[in-house]
1. Over segment 462-680, calculate the relative contact order: mean separation of alpha carbon pairs under 8 Å at least 6 apart, over the residue count, as a percent.
2. Can you work out ³J(HN,Hα) from phi for every residue in segment 614-630, in order, using Karplus 6.51 cos²θ - 1.76 cosθ + 1.60 and θ = phi - 60°, giving whole Hz and x for Gly and Pro?
3. As a test of understanding, state the convex hull volume per residue of segment 109-311 from its alpha carbons, in Å³.
4. Could you work out the pair-distance distribution P(r) of the chain from its alpha-carbon pairs, with 20 angstrom bin width and percents rounded to whole numbers?
5. Roughly how compact is segment 6-93, stated as its Cα Rg over 2.2 N^0.38 Å to two decimals?
6. Given a cut-off of under 8 Å on Cα pairs at least six residues apart, what relative contact order in percent is computed for the chain?
7. For segment 379-484, which chymotrypsin sites (Phe, Trp or Tyr not before Pro) are both in a DSSP coil and crowded by at most 13 other Cβ atoms within 10 Å?
8. In terms of the Cα gyration tensor, with a ≥ b ≥ c the square roots of its eigenvalues, is segment 657-804 rounded because a/c is under 1.5, prolate because a/b exceeds b/c, or oblate?
Amino acid sequence: MHEQSYTIRRISELMPTVRVYFNDESAEVRSLLYDSRKLSDTQHGVFFALEGRRDGHQYVKEAYAGGVRNFVVAEGKTETTWFPGANFIVVGDTLEALQVLAMHHRNQFAYPVIGITGSNGKTIVKEWLAQLLAPEYRIARSPKSYNSQIGVALSLWQLDNTCDLAIIEAGISQQGEMEVLHRMIQPDIAVLTNIGPAHDDGFASAKDKISEKLRLFNGAKQAVYSPDHIAGIPVPSTGRHMTWGAGDALLHVMGHDVLAGRKCCIRARYEGQLVQITIPFIDAAARENAVCCWATMLAMGYDSAVIAERMVSLQPVEMRLEMKKGINNCTVIDDSYSNDLSSLHIALDFLQQQQQHASRTLVLSDIPGASGHEEEVYSAVAKLLAHNKITRLITIGPGLMRQSPRFDFVRHEAFADTASFLASLADLRFQDETILLKGARKYAFERISQVLTAKLHDTVLETNLNAVEHNLNQYRALLPKHVKLMAMVKAFSYGSGSYEVASLLQFNKVDYLAVAYVDEGVELRKSGITLPIMVMSPTTASFDALLAHGLEPEIYSFGVLDDFIRVLAGKQLVDYPIHIKVDTGMHRLGFSVSDIEQLISRLQETGEVKVQSVFSHLAAAGDATHDAFTARQLAAFELFAGKLVDALRYPFIRHIANTAGIQRWPQAHLDMVRLGIGLYGVHNEGHKALVLQQASTLKTTITQIREVPAGESVGYNRSGMLTKDSTIATVNIGYADGYDRRFGNGVGSMMVKGKTVPTVGDICMDMTMLDVSGVDAREGDEVIVFGDVDRLAKTIGTIPYELLTGISQRVKRVYYYG
Ligand SMILES: *Cc1c(COP(=O)(O)O)cnc(C)c1O
């Protein structure tokens, strides 16, 4: 990774080293390791025994066993003679040594470093800046939210000669921490995102917190901040100040307008000019983060027009909001790692998007640091909740208990602590609710999350709803404005789970949903989906349920048409929307093209139904060798639909293109398209303009590991004969979960600790055995069964559709979203 590399001797010279024990002082060091569970590049790694919540010195043995030979340890903590062949650097303080090394490394590079701090939004501003600046710069940036005393050091270690800009996050929770981070980062451009309203426990006052954060600005050539956030405290930057905000600021924000389709236009004045940007988000936090990025770009000398052009296509940044299936048909949104006003705001926004249950419950802990200004903080919380229409509020903590009267507008139960909440769980009767868990760390909401989420099986199918949304937008960008979009959510949304995906699609304003059976449509209605829904295979027996839930049938034959008209007549219903399916070559369901005259007269003589759409299905839209056939299908369809519209004299929607059709047949987009598998990030044909994201990942865990000697066999029928001594891991997934038996005996593979490992022996009903020889795998480790279904399907001669929809219902579905 690094052009210039370090030897262990060189590293010892750069740090405040007390003494060394070298076996090979020229050993090359490339990566920094600190967690014996996450060892990579062990050959070129140096393990820092850090003394945090656990003492890293207790893990030196494991790291050594894992192949690490270079160590940085504290005085008197490790018996170095136990580890033959290893190099040891002994220092006074291992964290300080790591930080000094990081500082030295950072000093090797003259290119600009942007340092970002603030209470919220650091990660988003970092990720957005990386998106916005990508055309000009090759950027090194902190991974995820690596912004702690350790995280910053590891982030800086990523700097190398292939980059020309670094963006580093700095997060602090106590007095004195920023000084160390500042010494390491030495930002050329320092950015403050915002300051939360409450002060944290680690600071004597809000002013102290602000001053501490502003230490990052020492010596910066550019200081980017909002005067609204700093309470008049002087910014210790000797360079230029690029201020932003609604108050007196260089980039003076005047207001914003929400545009149709979830966009927002922000207006400001800069250098006497009116300027504006449009971003594809509407919530307050996103607006603030975008303005912060805007000011940073101005400070870097970007032109307003270029900034505006790039802001339009900002991508969402994945955050840690996770959605899980809960007990008693509840859905649990787990946001139990922090609690402050701005992140509560974001989480409530997310809760609002969920339509699957009519009731929305918030379980909320006290906000840390509210003491002293409880009145102020909780009246803001009350306002936020009133605004976001929750149906039920459960609070945990003495502060919220004292403030109970503020929340009398909603059904409210208050508990002093997490334990008393858990003790009353049975009385709380959670049922058919969406439950948002929003708790500060010290309230240990992960315990609540554990009891509220049904734990049936260790195998989960994770769906990244961000990816589904991203894919939807990718396809939308291919369509002219007037073309509508029907999203296919049949077969449990291609296996990924129906109402969570449907609810996301509804929020993203697709025009139609389609399911295979009436039951599926009824489920969606029961969970709050109000979009029009087409049912592709309605049966006569299910017409009552169909009508009761306002579903719209596909009508594919005179038999179905007559039956449906009879039922409608019995209920004296008129003009009920139906979808006429015509067979143009698929030869599955549909009226024949030659049925047109008879169909016209049947439709003309009845008032019970009204044609909402007419459609057909392409048999081979993805396959160039059949393009002539596809063109004939399209022509036959247009002729059929043309005759129908002439006869009926009212407009209806015409549609024929599936995913492959959308990609390859722009002339087949007509009035609407039907997007299926592409939504889930799977597509057979390459398309220049499409960058899809994989939506679903199937995961399981290792239940047991054993060493099995050569000559033994693994599994049923002894089909897994071992030719060498092997480490065999048993995982919790089998053919009853939808893991195809054809993946057995090494045809399939899974990922453990980032390594691909083959199956051994036959796949069992509930279990599979893997050969994990040479991989540092442990019982309980996560295993990725599959992500890239396109490739995997080919290995057993099937298609991704079958793999996705074959995942059994007993596999728990988990959703996450940013
Ligand atoms: C499933 C289905 C689609 C979607 O097909 P994809 O290849 O997944 O895009 C479209 N139309 C009909 C009638 C379908 O049954």
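1. On the way: 374 pairs, mean separation 43.6, N = 219.
Taking the mean separation of contacting Cα pairs over the length of segment 462-680, I get 20 percent.
2. Values per residue, Gly and Pro as x: 10, 8, 9, 10, 7, 7, 8, 5, x, 10, 4, 5, 10, 4, 5, 5, 4 Hz.
3. Details: hull volume 23.5 nm³, N = 203.
Each residue corresponds to 116 Å³ of Cα convex hull volume.
4. Calculated over all Cα pairs of the chain, the distribution is 13, 39, 37, 10, 1 percent.
5. Values: Rg = 11.4 Å, N = 88, 2.2 N^0.38 = 12.1 Å.
Normalised Rg, Cα atoms only: 0.95.
6. Values: 1730 pairs, mean separation 66.3, N = 818.
Relative contact order comes out at 8 percent.
7. Numbers: sites: PHE407, PHE409, PHE415, PHE421, PHE430, TYR443, PHE445, TYR475; in loops: PHE409, PHE430.
The qualifying sites are PHE409.
8. Numbers: a/c = 3.07, a/b = 2.59, b/c = 1.19.
In terms of gyration-tensor shape, prolate.
The values are calculated or read from the model by the stated rules, or taken from the named source; none is laboratory data. Predicted model, so just to flag it, every value in this text is computed and none were measured. Don't worry about glycine lacking a Cβ; one is built from the backbone with ideal geometry, like all the others, and counts go over all protein chains shown. These area figures cover heavy atoms from the full protein model, side chains too; ligands, DNA and RNA do not enter into them. Shrake-Rupley method; radii C 1.70, N 1.55, O 1.52, S 1.80 Å.
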